[in-house]
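Working notes, structure below.
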Amino acid sequence: MKKPFYLLATAMMMVVGITSYSVADNMPARNYAFLLFGHGGGFDKNVDYEKDLRKADPTQPGTNRAVLYDEWISTPAGHEAMNMYEFLRGIVNSKVPHFQSIFFHNCLMGGVETIFDIAPFCDYTVCSGHMLAMNQAPIRQFIKAISEQTDIEKAYLQMFNGMLPEWESGYEPTKFNGDLKLVSSYKLFECVMEPGKKLTDRLIELYPTMQSQIDTAMVHTYQYLNQNNFYDLGDYANQVARYTNDPQLISIAKELNNGLDQAILGRCELHLSPLGDLPKFSLSVVLCSQADYQAKTAWDYTFKEAYEYTNWHLFTNWGKWLSTTKQGPRNQILQYQGQPVGQYMFWQ
């Protein structure tokens, strides 16, 4: 996927071209897997918005987001990117409107904001909540497995089993945690959506009287990368249940984590970070303060406006919780501040 990066101005047509003319016309098949290899960023307020609605403000710093971003084309918010809307419109307008699987060998794509948007277009998603090492072991093992297995789920499980120890070699020097997971779209909607909505509602209900406990829970929740506000959803539910000791939250956390376990069919994980870890990783979720959520982005729309286009918000009303909570992430950009974190980088 490196070659077409400079075509991101027509990103939707790039996806249409790849899936329709290169694949469907010349390589007809009963099922297709879409494998992406490049730079990803999960949900980012500065990119995940309709491009024709944004206005540039060069005084505002930004970050990079989305399905793929271009290493050479810069904008006031960072590098140009193919956002989720362009990617999905490309699929819809192609000759392959539904994939058996979509495999993101792209960093930080394992968040509910991404996965719930992708899920209607595929049976399975493979993704990571962490940054991915530029290590091709997963792709080589997937190609090998898909040639040996007729069942896509079994192929991905074989891939996970065959990735180590080569995959670990990309993380060992940095002592970063890492993960790849296989997510069932059907189970995601069946088992995660409803407890996610319950979690939102209960947090909003409790916050006026238990703000201190809920804020404390947030800064003890596992953060995937210190530069991003992506936190482990299952761990967050467990932490708010622990610090509030609220019977309803305890029940919701159990239901949500059971649902995540059902939706995640397989995983390969590395637990190397001395700064934070979990027994297993679930899916990430955006957490931020009310002030950050209502602030403008580099393009003059707000974080809130961008976020509330996501399916995760539409299904669970999570944005209402982000509009309520006053606790933001610990600032760990220049110095470690104690938030459990799986990957820690200095970016200045």
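The values are calculated or read from the model by the stated rules, or taken from the named source; none is laboratory data. Because the structure is a prediction, the values reported are computed rather than measured. Heads up, the Cβs are rebuilt from the backbone with ideal geometry, glycines too, and the neighbour counts pull from every protein chain shown. When the accessible area is computed, the model is the full protein with side chains, heavy atoms only, and any ligands, DNA or RNA have been set aside. Shrake-Rupley method; radii C 1.70, N 1.55, O 1.52, S 1.80 Å.
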For Pro279, are the conditions met, namely being free of Cβ contacts under 8 Å to residues at least 24 places away in the same chain, more than 26 Å from Glu305 (Cβ to Cβ) and not in a helix (DSSP H, G or I)?
yes
Take Gly38 and tell me if it is within 19 Å of Val183 (Cβ to Cβ) and modelled with pLDDT of 75 or more.
no
Just checking, does the stretch 319-339 include any residue being assigned to a helix (DSSP H, G or I), touching an Asp or Glu at 6+ places or on another chain (Cβ under 8 Å) and either of a type outside the set (Asp, Glu) or free of Cβ contacts under 8 Å to residues at least 12 places away in the same chain (or both)?
yes
Inside the stretch 202-237, can you point out the residues that are small (Gly, Ala, Ser) and more than 16 Å from Ala253 (Cβ to Cβ)?
Ser212
Filter the stretch 105-137 for residues that are in contact with a helix residue (DSSP H, G or I) (Cβ under 9 Å, 6 or more places away or on another chain) and over 27 Å from Arg89 (Cβ atoms) and give the result.
Ala133, Met134, Asn135, Ala137
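Could you look through the stretch 205-225, keep only residues that are polar (S, T, N, Q) and surrounded by fewer than 23 Cβ atoms within 10 Å (Cβ to Cβ), and pick out the one that is farthest from Gly178 (Cα to Cα)?
Thr209
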Among the residues of the stretch 234-274, which ones are closer than 30 Å to Leu157 by Cβ and outside any helix (DSSP H, G or I)?
Ile264, Leu265, Gly266, Arg267, Cys268, Glu269, Leu270, His271, Leu272, Ser273, Pro274
Inside the stretch 118-131, the number of residues satisfying the requirement of being outside any helix (DSSP H, G or I) and either surrounded by 20 or more Cβ atoms within 10 Å (Cβ to Cβ) or among the aromatic types (Phe, Trp, Tyr) (or both) is 9
When the residues of the stretch 27-48 are narrowed to those that are in contact (Cβ under 8 Å) with a residue 40 or more places away in the chain and among the small types (Gly, Ala, Ser), which ends up nearest to Glu308 (Cα to Cα)?
Gly42
For Leu260, which of the numbered conditions (1) in contact with a Phe, Trp or Tyr (Cβ under 8 Å, 6 or more places away or on another chain); (2) at pLDDT 95 or above; (3) under 23 Å from Ile214 (Cα atoms) fails to hold?
(1)
Per-region count, the stretch 295-316, residues open to solvent by 50 Å² or more (accessible area, probe 1.4 Å) and in contact (Cβ under 8 Å) with a residue 60 or more places away in the chain:
5
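A quick yes/no check of all residues on (1) of a type in the set (Gly, Ala, Ser); (2) part of a loop (DSSP other than H, G, I, E, B); (3) open to solvent by 10 Å² or more (accessible area, probe 1.4 Å):
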| site | (1), (2), (3) |
| --- | --- |
| Ala133 | yes, yes, yes |
| Ile139 | no, no, yes |
| Glu153 | no, no, yes |
| Pro165 | no, yes, yes |
| Glu168 | no, no, yes |
| Glu172 | no, yes, yes |
| Phe176 | no, yes, yes |
| Tyr186 | no, no, yes |
Note on the stretch 166-215: residues polar (S, T, N, Q) and without any contact (Cβ under 8 Å) to a residue 40 or more places away in the chain are Ser169, Thr209, Ser212, Gln213
Given the conditions (1) surrounded by fewer than 20 Cβ atoms within 10 Å (Cβ to Cβ); (2) farther than 30 Å from Pro173 by Cα, every one holds for Met84 apart from (1)
